[in-house]
Structure formats: structure tokens, C-alpha cells
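Here is the structure we will look at.
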């Protein structure tokens, strides 16, 4: 398949959820169910729970088990099936040129075929693809939270606190940094977001 045909096929998939997108969605759902179940269990000990609460906990446990199994299956599909990504996954995530090239080719070819095309070892191709998948999933998870891409760990902390409507002084005290450092981080965050952020202030 030519590069033009591959790009056209990738583009045609944009309207469908990719395996990566489904994997991220199911992981998030599993986490939310687990958090809710943990909170419910913490409200009362076993003796203090009503029958309805016990039934709800049992249903939530079953739901978590099903979601966990679905997450495992989707992870396999993400790594081993064709068409795991869509065009936006490849274009918007911060990947190296090698990771992007491998991930694009991997949508229509096996690791062995990609290795032959790029004159690499299949293990090198698989490793680069796994790295690309991890980066794309991290990007999509942060996108769900409204976090601009490309932020450093410290900038993410500043952004989260800022979104909680903390003042610059409160952010500085919380992270044990200077107010000037907070201002610098906020300026860089806005720059990385292209001037379009979800900042409330």
C-alpha cells in the first residue's frame, strides 16, 4: 500500500474510536467505578451497611471485574491489531520522528514488515511502537482532563492548582516555589497551549 493510500485510510478512520481511545476510556471508567466503590465501602463497615448498599457494592465489584477484563483485551488489540490509531492520534501527540513513522506504518503492516521497510530489527520496531502508544495514551488522558500538551510535571501541578482557582501566592506556598516561578510557569503554560487554555483567571 502506498503512503498516500495509507494516509487516506487513516483519515477515513477519524470518525471511529481508535483502539487506543477505547482503551483510555475504559481505563478511566474502571478507575471511576473503583473510586466510587472504595468511597462507598469507607462510609460504613460491613455491619453498618444496608442490604441495598451491600447489593450495590456487589454490583460495582462485578462491574469493575468486567471493565478490568475489557481493559486487558483492548490493550492487546492496541498493540497487536491493525488500525489501533487514527490520524489525530498520530498528529497531535508529541512523538519522535521514528515513533511517528513506526506508528503510522504499523496501522497497516506487521512489526516484521515495518522492520523490513525501515531496515530495523522487529524488536526495535515493537519497542518504538509501544513507546508511541504510551505517549498517545498519556496525551489522550491529559486531553480528557483539559491539560495542555507538552507541560512538564511541575507545570502540570501549577496548572491543576490554577484550575482550582488558587492564587499565585497559594500555588507558590503549596509547591514550595517562588511567586515569580509560578508566574513563569503560567506564562509558559499559556505559550504551550497556543494562547488557548481552559484557565479560569
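Might you check whether a residue that is crowded, with 19+ Cβ neighbours inside 10 Å and either part of a helix (DSSP H, G or I) or free of Cβ contacts under 8 Å to residues at least 40 places away in the same chain (or both) occurs anywhere in region 53-62?
Looking for residues that are crowded, with 19+ Cβ neighbours inside 10 Å and either part of a helix (DSSP H, G or I) or free of Cβ contacts under 8 Å to residues at least 40 places away in the same chain (or both), one finds none in region 53-62, hence no.
Go through (1) in a helix (DSSP H, G or I); (2) crowded, with 16+ Cβ neighbours inside 10 Å for residue 170 and report which single condition fails.
Here residue 170 meets the rest and fails (2).
Each value in this text was obtained by applying a stated rule to the coordinates, not by laboratory testing. Bear in mind that the values here come from a model prediction, so they are computed numbers and not experimental data. With ideal geometry, Cβ positions are generated from the backbone for all residues, glycine too; neighbour counts draw on all protein chains shown.
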